[in-house]
Amino acid sequence: MTAVAAVAAAAVGAVALPAAAADHHPGRAHVAVYISGVQYDSPGRDDRSNWSLNKEWVDITNSTRRAVNLDGWTLADEDGHSYTFRHVRLDGRSTVRVHTGIGRDTRTDLFQDRRAYVWNNDHDTATLRNDRGRFVDEVSWGHHRGHRH
């Protein structure tokens with residue numbers, strides 16, 4: 001009976017994890033903040049217009065019930081372009097979209113205020129680090145080996 005109870009408890013615990021977090025990080029028991037989406041190739045022509053730049057974005061999701069202070073966290077690409085979160089509080093079970101171009105920050109949308117693209121269309125890695133510089137999450141695309149896509 002003990003083995004059956006342990007398996008049942010494990011199954012219930014796995015179901016309690018939000019589906020997005022479970023799909024995004026297979027094998028991790030607890031995921032709080034993670035990169036939940038990347039649009040690295042803005043639709044249409046890459047004409048460097050602000051509209052096109054803002055169609056390039058990265059979504060950061062907080063899967064917990066509690067708000068997380070992202071002040072000092074960074075989002076960077078392989079070439080060293082880095083965005084630092086300033087005065088950002090990500091509510092529980094919510095997502096913020098970080099756009100490349102210029103705009104006015106809101107609770108759901110942040111802007112890097114750049115005039116050039118950050119994310120390479122053929123291959124790149126988006127890396128999220130906390131305010132102490134510790135690795136939190138990354139998403140890669142293109143020809144990388146050993147990274148999830």
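Each reported figure results from applying straightforward, stated rules to the coordinates on display, with no laboratory input. These numbers come from a predicted model, not from an experiment. Counting neighbours? That spans all protein chains shown, and the Cβs are built from the backbone with ideal geometry, glycine included.
By the scheme Lys and Arg +1, Asp and Glu -1, what is the net charge of all other residues having a beta-carbon under 10 Å from that of R86? Spell out each step's value before the answer.
Working: positive: none; negative: D71, D105.
Summing Lys and Arg as +1 and Asp and Glu as -1 gives -2.
Given points 7 Å out from each Cα along the Cα-Cβ axis, report the T84 to T106 separation in nanometres with one decimal.
Reported label-point gap for T84 and T106 is 2.7 nm.
When ranked by the protection proxy of mean other Cβ atoms within 10 Å per residue, highest first, what sequence do the peptides 52-58, 38-44 form? Intermediate values should be presented prior to the final figure.
Working: 52-58: 21.3, 38-44: 15.7.
Most protected by this proxy first, the peptides run 52-58, 38-44.
Once you have a ≥ b ≥ c as the square roots of the Cα gyration tensor eigenvalues for segment 33-149, tell me rounded if a/c is under 1.5, and otherwise prolate or oblate according to whether a/b is larger than b/c.
The shape class here is oblate.
What does the charge add up to near T95, with Lys and Arg as +1, Asp and Glu as -1, over the other residues with Cβ less than 11 Å from its Cβ?
Numbers: positive: R93, R97, R107; negative: D59, D91, D109.
Surrounding charge for T95 is 0.
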